[in-house]
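Take a look at the structure set out below.
The values are calculated or read from the model by the stated rules, or taken from the named source; none is laboratory data. On a predicted model such as this, the values are computed, not experimentally measured, just so you know. Note that we place each Cβ from the backbone using ideal geometry, even for glycine, and neighbour counts take in every protein chain shown. Just the protein is used for accessible areas: all its heavy atoms, side chains included, with ligands, DNA and RNA removed. Shrake-Rupley method; radii C 1.70, N 1.55, O 1.52, S 1.80 Å.
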Amino acid sequence: MQDYDAVMTLAAIMRAKGPDREAIRKALREVKLMTAFGPVSFDAAGGFQNQNPAPSLVIQVQKGKFAVVWPKESASATPRYPTPPWDKR
């Protein structure tokens, strides 16, 4: 599925019709796709141009269960460092 989304994004960028940097930047700004993995667009993010920021979660297995440990606003547990496989905390 990710391959399909990548090809759809590439097809949108192909509107640049050549290696001209400004044309490619313009084509990137015009990409607005809804994919199986969510929206794809290339905007300014974190001081960088033409980024497609994707929310990420860091997950640990704690007591045999998956626990979100980052970002804090989504966390269901605090991270443990290091966690040996025999740790039963």
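The table below lists the values:
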read-out: Filter result (among the polar types (S, T, N, Q), more than 12 Å from the chain's Cα centre (by Cα) and either assigned to a loop (DSSP other than H, G, I, E, B) or at pLDDT below 75 (or both)) within region 43-72; value: 49, 50
read-out: Residues being under 27 Å from residue 55 (Cβ atoms), assigned to a loop (DSSP other than H, G, I, E, B) and open to solvent by 90 Å² or more (accessible area, probe 1.4 Å) - total across region 1-42; value: 2
